[in-house]
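Participant: Quick one: the structure is below, and I'll ask about it shortly.
The values are calculated or read from the model by the stated rules, or taken from the named source; none is laboratory data. These numbers come from a predicted model, not from an experiment. Accessible surface is based on the protein model in full, side chains and every heavy atom, while ligands, DNA and RNA are left aside. Shrake-Rupley method; radii C 1.70, N 1.55, O 1.52, S 1.80 Å.
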Amino acid sequence: MFKLTRSAVALIPVLAAVVVTAVALSSTASGSAALRFAAGRLGVTAYAAGGGGSGGGIDHLTISRAELTAKLAVTLTVTYMCQPVFDPNTGQLDVFFSSFQNAFLQERTGKTVANGSGFGNGTAICDEGLTSTPTVNQATILVTPDVFPASGPFKNGAALATVQVFACPNVFVASGVPPPCEFGSLNNAIISIK
């Protein structure tokens with residue numbers, strides 16, 4: 001465990017360098033074009049950190065689409081799968097969940113950087129491991145530019161996105177001990193706003 005922790009800590013400067021390089025590249029016309037090309041060709045898939053009672057959490061978390069909305073905001077389409085959790089009150093697996101998603105977006109737009117956030121909520125079917133074709137859940141998140149401090153509008157091009165998904169079973173618990181929730185995140189993914 002110590003070596004794993006040490007390796008993770010050693011990777012932090014490398015990951016920071018990658019993010020700084022991506023932001024620096026986006027400040028030049030040729031670098032921005034290269035990032036747009038790469039982001040348009042690559043699918044962003046992450047196996048998010050596990051959590052909850054099953055130990056699986058939210059996984060296969062992907063930003064499948066990012067579209068400029070009203071020449072200001074960005075609509076993100078997020079897909080994910082999740083595993084059921086054991087309900088100690090009933091002794092069964094729960095698969096019907098309420099979900100909450102939030103997203104943070106950062107994009108260099110000329111000489112400034114646009115920042116924004118947004119959230120969404122809905123339902124999820126968490127049946128991964130119970131069926132050979134698990135349900136792929138989809139959520140839409142509208143990311144608007146920050147109001148304070150004020151941020152400019154988003155534009156078409158490459159951006160950095162962080163998405164978090166939380167899902168909790170839809171059950172009433174008279175005992176006061178609810179089943180555990182699931183969670184997962186996708187951090188600093190390079191996306192293409194179209």
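Participant: On full extension of the chain, what length is gained from residue 188 through residue 117, given 0.36 nm per residue of separation minus the C-alpha to C-alpha distance?
Facilitator: The span from residue 188 to residue 117 would gain 24.2 nm if fully extended.
Participant: Take the alpha-carbon centre of segment 79-144, take the same for segment 155-194, and report the distance between them in whole Å.
Facilitator: Distance between centres, Cα-based: 4 Å.
Participant: Then there's this: Whenever you get a sec, compute what percent of the accessible area on segment 55-99 sits on carbon and sulfur atoms (1.4 Å probe).
Facilitator: 54
Participant: So what is the accessible area of segment 127-194 per residue, in Å², with the probe set to 1.4 Å?
Facilitator: 54
Participant: Give me the percent of the accessible area of segment 109-194 that comes from carbon and sulfur atoms, probe 1.4 Å, all protein chains in place.
Facilitator: The C+S portion of the solvent-accessible surface of segment 109-194 is 59 percent.
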